[in-house]
Amino acid sequence: MKSVLLLLAALPACAQERTIDRVLPALAAGKACTSAIQLQNLGERPVTLAVEAYGENGALMALKGQAAIAVDLAPRERKTYRLELSDETTGAWVRVRETLAAAQFSPVVTVSGSTECVAGNELRTVAREVAFPMRNPWFEGDVSELPGDLLAVVNTSAQPATASLCYSAA
């Protein structure tokens, strides 16, 4: 009887799983631009990530050199993947999902991205910042601080979403 009680008591601790989602938005590609994502395991344990790349039309895309969504990283390993965009797709975003199987584990993977474009005879590189999905995101700020910048709304769920925008010059 004691072994059954111990097993039942251990089930909730084993079943506590949590997922950390990271999104790299506004990745460009085409004849003049390429984008890449970098993943690095800073931990002492192997990690399996789900890396999903989506085109601006919402279609799932491939990463060059990666045949599956699952990416395995050994301890302290770093991998870089380039986006494989088609002729009709010039923009994309990537979701990286790290699942923590036990409650005592912390996230150990860093995610970063970059876009390189050739303009004239110059190579321009822009770092892409990671965003964390939120149920009800809120942005408030002075638009004069955003000249030439892009405010992107990316729906990471499988369901349609509605975004509202209110802008005032006052």
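Judged by the mean number of other Cβ atoms found within 10 Å, the most tightly packed of the peptides 58-67, 91-100, 44-53, 108-117 leads the ranking 91-100, 108-117, 44-53, 58-67.
Length gain on complete extension for the stretch Glu129 to Ala68, per 0.36 nm per residue less the alpha carbon to alpha carbon distance? Before the final figure, lay out each step's value.
On the way: separation 61, 0.36 × 61 = 21.96 nm, distance 2.40 nm.
Net length gain for the segment: 19.6 nm.
Ranked from largest to smallest solvent-accessible area, with a 1.4 Å probe on the protein heavy atoms, Val118, Val130 come out as Val118, Val130. Ordered by solvent-accessible area of protein heavy atoms (1.4 Å probe), largest first, the residues Arg82, Arg22 come out as Arg82, Arg22. Using 0.36 nm per residue and subtracting the Cα-Cα separation, the extra length available between Val118 and Leu165 on full extension is 13.6 nm.
The values are calculated or read from the model by the stated rules, or taken from the named source; none is laboratory data. Since the structure is predicted, the reported quantities are computational estimates derived from the model, not experimental observations. Cβ: placed from backbone, ideal geometry, glycine included. Neighbour counts: every protein chain shown. Areas reflect the complete protein model, heavy atoms only, side chains present, ligands, DNA and RNA absent. Shrake-Rupley method; radii C 1.70, N 1.55, O 1.52, S 1.80 Å.
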